[in-house]
């Protein structure tokens with residue numbers, strides 16, 4: 001499934017909410033929510049010390065905030081991880097694994113190359129489903145000519161699959177704030 005569209009429509013929130021709901025419902029075959037994201041930054045920070053896990057923590061912030069909202073406690077995401085219900089993986093560490101019994105959320109996929117998207121979809125194992133979340137206008141792959149968003153090519157292929165469905169959000173669906181909605185509408189109107 002693909003959830004595509006403007007910033008502020010709640011793509012990640014909706015996907016994570018539904019995934020957690022299904023994982024915590026024992027009548028479903030899903031045991032884990034696995035969030036996959038590329039380690040692409042909006043701005044280069046230079047060398048950051050620490051282990052791979054410590055470096056990846058910054059990319060988990062949106063999921064921590066969503067879980068705090070959903071459960072009313074700051075440690076909700078960490079508790080889900082401790083209990084084995086949630087997991088975060090960077091595309092840099094995805095090769096060689098199969099993801100079984102899981103709902104896989106591929107977030108910010110507009111900032112992944114086709115190679116990364118292909119690597120992620122080929123990890124889907126038994127009794128799993130996958131949700132791709134992105135917005136073609138928010139591509140962060142701008143630092144090198146060799147890094148090109150693979151989302152459009154990925155969608156061109158996925159749309160030929162019987163088991164792929166897509167939800168396209170528009171600026172009318174923005175719920176983050178009226179300022180964000182005004183900004184997005186103005187950018188669209190001016191062609192940015």
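Please sort 161-170, 22-31 by packing, taking for each peptide the average over its residues of neighbouring beta carbons within 10 angstrom, highest first. Display every interim value, and only then the final one.
Working: 161-170: 11.6, 22-31: 13.3.
Top to bottom by mean Cβ count within 10 Å: 22-31, 161-170.
Using a Gaussian network model of the chain with C-alpha springs under 10 Å, which one of 171, 62, 49 is most mobile by mean-square fluctuation?
Residue with maximal mean-square fluctuation among 171, 62, 49: 49.
Sequence gap at least 6, Cα distance under 8 Å: using those rules, report the relative contact order of the chain to the nearest whole percent. Provide the component values of the computation, followed by the final result.
Details: 303 pairs, mean separation 63.3, N = 192.
Answer for the chain is 33 percent.
Need one word for segment 110-192: rounded, prolate or oblate. Basis is the Cα gyration tensor (sqrt eigenvalues a ≥ b ≥ c); a/c below 1.5 gives rounded, then a/b vs b/c decides. Before the final figure, lay out the partial values.
Numbers: a/c = 2.43, a/b = 1.49, b/c = 1.62.
Oblate, because a/c is 1.5 or more while a/b does not exceed b/c.
Choose one answer from 119, 144, 38: the residue with the largest mean-square fluctuation in a GNM of the chain with alpha-carbon springs under 10 Å.
144
All of the numbers you see were taken from the coordinates with simple rules; none came from a lab. Everything quoted here is computed from the prediction, not taken from an experiment. Note that each Cβ is placed from the backbone with ideal geometry, even for glycine, and that neighbours are counted across all protein chains shown.
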